[in-house]
1. Could you check segment 32-73 and list, in sequence order, the residues that are open to solvent by 10 Å² or more (accessible area, probe 1.4 Å), over 20 Å from Arg102 (Cβ atoms) and among the polar types (S, T, N, Q)?
2. Answer yes or no: is there a residue in segment 310-319 that is away from the ligand (no atom under 13 Å from the Cβ) and modelled with pLDDT of 95 or more.
3. Sort out which residues of segment 178-200 are more than 8 Å from the ligand (Cβ to nearest atom), on the phi < 0 side of the Ramachandran plot and of a type outside the set (Phe, Trp, Tyr), and write them in order of number.
4. Say we look at segment 231-247 and pick out the residues that are assigned to a strand (DSSP E or B) and of a type outside the set (Asp, Glu); which of these is farthest from the ligand (Cβ to nearest atom)?
5. Checking Leu242 against (1) more than 25 Å from Thr345 (Cα to Cα); (2) aliphatic (A, V, I, L, M); (3) crowded, with 17+ Cβ neighbours inside 10 Å: exactly one of these is not met. Which one?
6. Assess whether Asp285 counts as being open to solvent by 40 Å² or more (accessible area, probe 1.4 Å) and farther than 30 Å from Arg5 by Cα.
7. Can you name every residue in segment 319-375 that is of a type in the set (Phe, Trp, Tyr) and within 24 Å of Asp435 (Cα to Cα)?
8. Could you tell me which numbered condition Val347 fails, if it satisfies all but one of (1) out of contact with any Asp or Glu (no Cβ under 8 Å at 6 or more places or on another chain); (2) within 13 Å of the ligand (Cβ to nearest atom); (3) among the aliphatic types (A, V, I, L, M)?
Amino acid sequence: MNARRHDYDLFVIGAGSGGVRAARLAAQTGARVAVAEESRVGGTCVIRGCVPKKLLVYASQFGEAFQDSIGYGWSYDDARFDWPTLIAHKDREIARLEGLYRANLEKAGVELIDERAVLAGGHDIHLQGSGRTVSAERILIATGGRPNPHQALEGHELCITSDEAFHLEKLPEKIVIAGGGYIAVEFAGIFASMGVETTILYRGKEILQRFDMDLRRLLHAEYENKGIHIRCQDVFGRVERLDNGWLRGTFLGGDCYDAEQIMLAVGRLPNTAGLGLEKLGIETDKRGSICVDDYSRTNVEHVWAIGDVTDRMQLTPVAIHEAMCFVDTVFHDRPTRPDYDFVPTAVFSQPEIGTVGMTEDEARKKVDHLAIYKTVFRPMKNTLAGRSERMLMKLVVDADTDKVLGAHVLGPDAGETAQLLGISVKMGATKADFDRTMAVHPTAAEELVTMYKPTAVIRRGEVVEAA
Ligand code: NDP
């Protein structure tokens, strides 16, 4: 290693979840590490993603909690919600977290460079603010992603994305959210719970592709019960501004819908534009994502990439895991591949989704003999509250080996439940292990260990027994 030939042993571009973790861990090995960030430290997750989103979800849940409390004997006259107050408090918390991220980098001995950095060829990195060029033995690209602006849509520039949704000056009266993935579904729950007339516009047959169909259908039904409109198998062909400042979206079929805001949540694109990848001949795929091998290395020997700038799983914990594997591989000489099996995930819809492993449809294609265990019920808390909202739990089991292949929950605290289910499913738990686990009573989660009879047995994709 000729580390001293260069200014740094490792230069990280992008101080999001993945970049920060890699920089800190590498610096702790004694390496000379710098991380450059053109925006704010913390990246999508902390600044304009998971964290502020969860704060908005919490805020939006109080409305229903106030309503539910009446059945429990509470009364109130004057519960009011103020969006600007929430946004100001959220911004204060994000600024606090950013400060912590900065402090932790400093504590680890990482040099933080608040400038845009681009590849300048070979081992050189150009810092666009100061005009300096520095060099590094190794370069890690962790520039993340950004909302797809959907340029094919006429009038797309009039629409907002999640980036702007976090900073709206006022809550709109009516919003249409285009897309049927995580962001569309989560923001629909937030806006609707805050009293905004909300529509999801999704091009496919059912929202939340890739999730278990039972969850998708029940969430759809519960969203409609809350008054969220869901229009599937349709898209806008054009968006235009009306004289009153509102927007008109015209569907491909010709009819139209007016809303105060239209939000595009049609996926995220990798942040690779203008990064200088071509100077080193770094390969990208057709979306522009950086291609990497199993160890996050690009086709260029001294350049690696992690997180959303690669086309793997766009999840914060996955980017952090990739960062840790990168440091193990490169700085500890312990080649470690990121492990993408049984990654639990949550959608902070209302009700929430928590899931790990195979969906029933996926298992039907891959596994000959399946047993499905499913229950749908009204959680106890909803009884006195007078709320009809249901909860769903489902286990997808390999009927030959008894292994639990997938676990899916829709309902209160499903994300928390998925974290724990994730451990057992990852460990290879069998249905018998679930059965011999004592229930925690009275909880909703106890249903997971008390589903004794399969609701369906499936052989080679066909249901052969149904309860
Ligand atoms: P998703 O990939 O989840 O969803 C994108 C949606 O946009 C899909 O419904 C997709 O349809 C639709 N879409 C894509 N292109 C078009 C188009 N040209 N016209 C109309 N619709 C289109 O992306 P999100 O933007 O919701 O979120 C990005 C990623 O961020 C997620 O995949 C997730 O990994 C991560 N994330 C995670 C969260 C969490 O962990 N709770 C929260 C938020 C984001 P189709 O289904 O047909 O492809």
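1. Gln61, Gln67, Ser69
2. Looking through segment 310-319, none of the residues is away from the ligand (no atom under 13 Å from the Cβ) and modelled with pLDDT of 95 or more.
3. Listed by number, the residues that qualify are Ala188, Gly189, Ile190, Ala192, Ser193, Met194, Val196, Glu197, Thr198, Thr199, Ile200.
4. Arg241
5. With respect to (1) more than 25 Å from Thr345 (Cα to Cα); (2) aliphatic (A, V, I, L, M); (3) crowded, with 17+ Cβ neighbours inside 10 Å, Leu242 is out only on (3).
6. Yes.
7. Scanning segment 319-375 gives Phe342, Tyr373.
8. (1)
The values are calculated or read from the model by the stated rules, or taken from the named source; none is laboratory data. Here the structure is a predicted model, which means the values were calculated and not measured. Note: ideal-geometry Cβ built from the backbone for every residue, glycine included; neighbour counts use all protein chains shown. Side chains included, ligands, DNA and RNA excluded: accessible areas come from the protein's heavy atoms. Shrake-Rupley method; radii C 1.70, N 1.55, O 1.52, S 1.80 Å.
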